[in-house]
Amino acid sequence: MADVLMIVTGADTLVLKDGSAHPTGFWAEELVELHRGLTAAGHRVHFATPGAQPPTVDPGSLDLETETGREMAAYLASIRDELSAPLALADVTPGTYDALALPGGHGPMADLATDADLGRLLIDAADRGTTVAVLCHGPAGLLSAIREDGTFAFAGTRLAVFTDEEERQGGLGENSPYLVASRLAELGARLATGEPWSSTVVTDGTLISGQNPQSSVATAERLVAALA
């Protein structure tokens, strides 16, 4: 049985290129499927956010007019007590957890991408060989992993991430403040993405990455397999 730290955005808005505030948070399906897969396999999941801010679900990720949306909402309600009392990233000691998991939503672009405490944990994980799983926009959190010498801890690593094309087709489009995939590539990550909206998961060493919401279940399965 492993202890997994699920690092969730604490942001509920993202400032767009035109200066407007876009409501956001974590993407329901991604957090739910990661949590469900891990706990079904007997692992313990602990939540952490910047400043211990209770996370907000992205309103665009819950369509309560659909059976799937209602099921996701019910699952989130079942773990409300855990979600509403996360650890603060600043209080997490490196090496405490067997794996780190970062679900997406546009929220990570607003806070996790520049969070020094997350960067400290990710750099330590890269150095220790601790498993890290990132999903959709969750890889924005990897942008925080810049070493003191200015190098990127995941440079040269193959990964999947919500693609620039997907952002233009069904995301924030040209109003996105930046494109996560392009930013990661600029830092030296090796993008290994699939077709838009395909279930695509990439493992390179101890980094597991899923491309989009459609990759949620497969990413959870890959993480569970790695922990086994």
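A few comments on the model shown:
- For segment 21-83, the alpha carbon convex hull comes to 87 Å³ per residue, rounded to a whole number.
- Its Cα gyration tensor gives segment 49-121 an equivalent ellipsoid; the semi-axes, largest first and in whole Å, are 26, 14, 11.
- The fraction of all Cα pairs in the chain landing in successive 10 Å bins from 0 to the largest distance is 9, 37, 40, 13, 1, 0, given as whole percents.
- Computed over the chain with a Gaussian network model linking Cα atoms closer than 10 Å, the most mobile of VAL92, VAL132, VAL32 is VAL92.
- Once the gyration tensor of the Cα atoms in segment 91-155 is diagonalised, the equivalent ellipsoid follows with semi-axes of 17, 14, 11 Å, ordered largest first.
- Of ALA192, ALA160, ALA101, the one that fluctuates the most in a GNM where the chain has Cα springs shorter than 10 Å: ALA192
- Portion, in percent, of the accessible area of the chain that falls on carbon or sulfur, probe 1.4 Å: 49
- Taking GluC sites (Glu not before Pro) as exposed when DSSP calls them loop and at most 13 other C-beta atoms lie within 10 angstrom, the chain has its longest site-free stretch at 66-147.
- Take the Cβ atoms of ALA185 and ALA73, set R0 to 25 Å, and the FRET efficiency comes out at 0.10.
- Highest GNM mean-square fluctuation among ARG158, ARG36, ARG128, for the chain modelled with Cα contacts below 10 Å: ARG128.
- Label separation (MET1 vs ASN175): 4.7 nm, computed from points 7 Å beyond Cα along the C-beta direction.
- Longest segment of the chain lacking chymotrypsin sites (Phe, Trp or Tyr not before Pro) that sit in a DSSP loop with at most 16 other Cβ atoms within 10 Å: 1-177
- Under-5 Å amide H pairs with ALA101, H placed in peptide plane, nonlocal only: LEU5, MET6, ILE7, ALA133
- Sorted into 10 angstrom bins from 0, the C-alpha pair distances of segment 1-135 split as 13, 44, 33, 10, 1 percent.
- Bridge type composition, the chain - antiparallel percent by DSSP, nearest 5: 30
- Modelled FRET efficiency - R0 35 Å, GLU65 with ASP98, Cβ distances, 0.05 increments: 0.35
- Label-point gap, in nm, between SER84 and ASP18 - each point 7 angstrom along Cα→Cβ: 3.6
The values are calculated or read from the model by the stated rules, or taken from the named source; none is laboratory data. Treat the numbers as computed from the prediction; the structure is a model and nothing was measured. With ideal geometry, Cβ positions are generated from the backbone for all residues, glycine too; neighbour counts draw on all protein chains shown. Only protein heavy atoms, including side chains, enter the accessible area calculation; ligands, DNA and RNA are left aside. Shrake-Rupley method; radii C 1.70, N 1.55, O 1.52, S 1.80 Å.
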